Amino acid sequence: MLLLVSSASAQGPGENVGNGRYSTYNYTVSLQDKAFWTTARNYPPGYFVADGTGPNGGGKFINGDDFHNINGYLMHIVGAANQGLIFPVGSGTDLRTLTTSGSIPVNMAIATAWMVGDPSTTLDPTDYPPNATHSIKALASGIAAVSPSGQWDWFPQGGSVNGVTVTVSIPNMSDFASADKLRLVGWNGTQWIALGTEGASTNTENAALSGTMMNGVTAIAIGTTALSSCATISSIVKTNPQNTWKTDGAITLSGLTAANSYAIKYSFNGIVQTWTANIVDASGNIKITGFTKGTYDNFILRNTDTGCSTDVLNGGSVVLTD
């Protein structure tokens with residue numbers, strides 16, 4: 001049985017738990033009772049603890065939303081066999097719940113936190129060694145990609161999690177993959193592996209995605225068995241330079257989603273150019289400027305938020321003349 005000592009106190013209008021400390025509740029707590037709920041995220045992190053051995057089902061945190069969530073770590077002490085929990089974790093401004101259900105051993109503890117950002121560079125303080133990273137390029141067979149939007153740290157102690165069902169609320173994945181190709185994935189120390197079967201309710205904000213947990217997994221993310229096209233280009237318009245020596249030519253891609261960020265790479269007269277950063281304007285266009293006379297082809301458009309990419313011209317080319 002894990003024994004945790006409550007060692008945090010109210011900090012002004014909210015609650016904060018420092019490094020290596022625990023704030024334990026064995027009753028139901030409304031997150032809307034405080035302005036914020038935060039814990040240390042670096043090694044060793046702090047934890048709010050939902051003690052499932054308390055009365056009426058034990059501790060739990062309810063009424064979570066985008067402005068009332070645990071910005072850090074929540075730990076659940078399982079007080080009865082198969083006792084699941086809704087973990088209302090998030091970033092402080094974005095709720096990303098994780099829910100456990102199914103076969104869960106009594107007296108074990110499970111902790112999680114939503115960690116925004118690419119797992120390749122975002123440190124995981126509960127992994128071994130502490131502050132490890134999880135490359136989204138290390139993929140088991142059958143996984144086409146892992147979203148760089150974020151991950152749920154997964155830190156079980158005192159029992160087996162084989163067979164535990166985990167359900168998460170996803171960010172908007174409409175530019176990453178279709179709903180039927182989404183799949184929960186877990187980091188097993190060397191690569192991302194599939195957890196359960198593919199398929200989500202939708203690929204939009206707060207849709208549910210479930211998987212079946214395996215021992216040895218230390219983080220959970222959103223993967224796919226097949227990437228969606230980043231975008232559908234409705235038209236490509238060229239603007240020729242004024243003469244051979246001018247660099248005032250341009251190519252405009254239309255039909256994109258306003259404010260999305262893309263990196264674009266292409267070849268000029270057979271020479272591959274470097275990636276350039278572009279933001280879609282309010283009209284849904286990206287205008288690439290600085291072109292001179294020549295042949296431009298092999299365009300690749302990559303969404304810098306989701307990581308998916310597509311061949312903009314489908315093997316075609318744009319020829320600028322003076």
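Some points to look at:
- Residue within segment 63-71 that is of a type in the set (Val, Ile, Thr), open to solvent by 30 Å² or more (accessible area, probe 1.4 Å) and outside any loop (DSSP other than H, G, I, E, B) present: no
- The single residue among 189, 199, 216, 142 that is in contact with a helix residue (DSSP H, G or I) (Cβ under 8 Å, 6 or more places away or on another chain), in a loop (DSSP other than H, G, I, E, B), open to solvent by 20 Å² or more (accessible area, probe 1.4 Å) and at positive phi turns out to be 199.
- Test set (1) open to solvent by less than 10 Å² (accessible area, probe 1.4 Å); (2) within 25 Å of residue 19 (Cβ to Cβ); (3) touching a residue at least 40 places away in the same chain (Cβ under 8 Å) - residue 90 fails condition number: (3)
- Single residue of segment 191-217 satisfying the filter (of a type in the set (Val, Ile, Thr) and at pLDDT below 95) that is farthest from residue 65 (Cα to Cα): 197
- When residues in segment 230-247 are screened for being surrounded by 13 or more Cβ atoms within 10 Å (Cβ to Cβ) and at pLDDT below 90, 5 of them pass.
Residue-by-condition table, conditions (1) at pLDDT 95 or above; (2) within 15 Å of residue 160 (Cβ to Cβ):
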| position | (1), (2) |
| --- | --- |
| 78 | yes, yes |
| 85 | yes, no |
| 92 | yes, no |
| 96 | yes, no |
| 101 | yes, no |
| 111 | yes, no |
| 120 | no, no |
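- Applying the criterion of being of a type in the set (Gly, Ala, Ser) and closer than 27 Å to residue 226 by Cα to the residues of segment 265-292, the residue that is surrounded by the fewest Cβ atoms within 10 Å (Cβ to Cβ) is 277.
- Flag for residue 153 being in contact with a strand residue (DSSP E or B) (Cβ under 9 Å, 6 or more places away or on another chain), acidic (Asp, Glu) and crowded, with 22+ Cβ neighbours inside 10 Å: yes
- Here residue 183 meets the list (1) assigned to a loop (DSSP other than H, G, I, E, B); (2) surrounded by 21 or more Cβ atoms within 10 Å (Cβ to Cβ) almost entirely, failing just condition (1).
- Whichever residue in segment 45-57 is at pLDDT below 95 and of a type outside the set (S, T, N, Q) and, among such residues, is most open to solvent (accessible area, probe 1.4 Å): 55
- Figure legend. Inter-residue proximity from segment 254-282: first residues farther than 17 Å from residue 309 by Cα, second residues open to solvent by less than 30 Å² (accessible area, probe 1.4 Å) and part of a strand (DSSP E or B), beta-carbon distance below 6 Å, spacing 6+ or different chains. Indicated pairs: 268/294; 268/296; 269/294.
- Count - residues of segment 293-309 that are part of a strand (DSSP E or B) and either open to solvent by less than 30 Å² (accessible area, probe 1.4 Å) or at pLDDT 85 or above (or both): 7
- Verdict on residue 136 being open to solvent by 20 Å² or more (accessible area, probe 1.4 Å), part of a loop (DSSP other than H, G, I, E, B) and over 20 Å from residue 49 (Cα atoms): yes
The values are calculated or read from the model by the stated rules, or taken from the named source; none is laboratory data. Everything numeric here is computed off the predicted structure, so don't read it as measured data. Cβ coordinates were reconstructed from backbone atoms using ideal geometry, including for glycine residues, and neighbour counts include every protein chain displayed. Accessible surface is based on the protein model in full, side chains and every heavy atom, while ligands, DNA and RNA are left aside. Shrake-Rupley method; radii C 1.70, N 1.55, O 1.52, S 1.80 Å.
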